[in-house]
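Step one of this worksheet: look at the structure below.
The values are calculated or read from the model by the stated rules, or taken from the named source; none is laboratory data. Everything numeric in this text was worked out from a predicted model, so none of it was measured. Virtual Cβ from ideal backbone geometry, glycine too; neighbours counted across all protein chains shown.
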Ligand code: ATP
């Protein structure tokens, strides 16, 4: 259990047991979160999961019902927004339409009567690659450029933490993708702490070095994007980050570090370091791109779990891959993505196939665990 003294020594952003209730409804419940200084974290989750409320409490736009927020060792739980070394970039850029780009970025410094405004603004405009647009008005810029101005304006005071509240939501898909890389580059260059709120899993994984997946007011799981993708701990996370086949199963047998799971009469073995009990029910998760498809009895090169008796119901060729739907003997359709190497023939709807995967690619989800 961390103590108050630990929080005083912690130089990042720390939320401890933060709850925000609206009447009897808990938008955020007993949330613990550490954001190391200089890191880029994404709060990811579906609409209504509490991510914006969390961000607004860090900004000081909402007051927690209980719990504490510290930043660089300072308790800021009840500090006024302007007293916090925190800035926010919103989806609506909120630029001053009558001021040019240079003056929009300079605004915060001029108000504080800072010296060397010229130099600081030039550096910021260079950072966001808008030096040549300095004398234009916001309305003369594209959406992506306006968002970069908003970013420059929020960064010029060198806040301890920059909060990004769905900043790319208003942009079209292509521009979003390029802005994601742009913001990531800027964060690496300035080295400040960024906290980004989004419901777009690809955006969170592209930009952040740590993703916190939120569901119903709590963090379900937090980690590096690849770690979350490869080792989801719940069906919610498995489904929210990418696609996953989820097959009902019952633990049949457990050895030291591998369990056998019965999936509708078919036994598969899955390595695990967790303690499950025989008879426990839950879900086996397997990503479509980790499933191999072959002819019945074909010796596929994965030494692993084989699931016979499939019938192809749909084939979509999408360029980089061929995506199959395969109906299993128990009636469920599983997705299979086969990378398009051009070396294999495509299977056709109605064909009988056999699916297989390497044991370590599957994960056990929502099985109860022994207390031990
Ligand atoms: P979205 O992506 O839709 O913004 P979110 O994850 O950011 O979703 P929040 O905006 O944090 O979700 O809201 C969490 C829950 O709290 C929602 O159910 C919302 O209706 C509720 N809520 C938020 N603000 C208030 C408020 N001022 N009064 C009452 N309920 C609120």
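Exactly one residue out of 237, 211 is assigned to a strand (DSSP E or B), touching a helix residue (DSSP H, G or I) at 6+ places or on another chain (Cβ under 7 Å) and within 16 Å of the ligand (Cβ to nearest atom), and it is 211. Residues in the range 182-208 that are part of a helix (DSSP H, G or I) and under 15 Å from the mean Cα position of the chain (by Cα) were compared, and the one that is farthest from the ligand (Cβ to nearest atom) is 184. Taken as a whole, the condition of being modelled with pLDDT under 90, part of a helix (DSSP H, G or I) and farther than 30 Å from residue 73 by Cα does not apply to residue 169.
Among the conditions (1) within 16 Å of the ligand (Cβ to nearest atom); (2) at pLDDT 95 or above, residue 77 misses just one, which is (1). If you take the residues of the range 59-74 that are in a loop (DSSP other than H, G, I, E, B) and more than 16 Å from the ligand (Cβ to nearest atom), which of them is surrounded by the fewest Cβ atoms within 10 Å (Cβ to Cβ)? Once the filter is applied, the top-ranked residue is 73. Scan the range 184-196 and give yes if some residue there is in contact with a helix residue (DSSP H, G or I) (Cβ under 7 Å, 6 or more places away or on another chain) and within 30 Å of residue 364 (Cα to Cα), otherwise no. Yes, the conditions are met somewhere in the range 184-196.
Within the option set 296, 232, being modelled with pLDDT of 90 or more and assigned by TED's automatic domain parsing to the domain that holds residue 200 holds for one residue only, 232. When the range 82-106 is limited to residues that are within 16 Å of the ligand (Cβ to nearest atom) and surrounded by fewer than 20 Cβ atoms within 10 Å (Cβ to Cβ), the one that is farthest from residue 20 (Cα to Cα) turns out to be 92. Taken over the range 7-45, residues that are closer than 18 Å to residue 223 by Cα and within 7 Å of the ligand (Cβ to nearest atom) amount to 1. Which residues, counting only those in the range 349-372, are part of a loop (DSSP other than H, G, I, E, B) and at pLDDT 95 or above? Correct list: 349, 350, 351. Using the structure shown, decide if residue 17 is out of contact with any helix residue (DSSP H, G or I) (no Cβ under 6 Å at 6 or more places or on another chain) and free of Cβ contacts under 8 Å to residues at least 24 places away in the same chain. So residue 17 fails the test. The condition (being out of contact with any helix residue (DSSP H, G or I) (no Cβ under 8 Å at 6 or more places or on another chain) and buried (at least 20 other Cβ atoms within 10 Å of the Cβ)) is satisfied by just one residue among 293, 286: 293. Within the range 234-270, being within 16 Å of the chain's Cα centre (by Cα) and farther than 18 Å from residue 359 by Cβ holds for 234, 235, 236, 237, 239, 240, 241, 242, 243. Just one of the numbered conditions (1) in a loop (DSSP other than H, G, I, E, B); (2) over 22 Å from residue 184 (Cα atoms) is not true of residue 91: (2).
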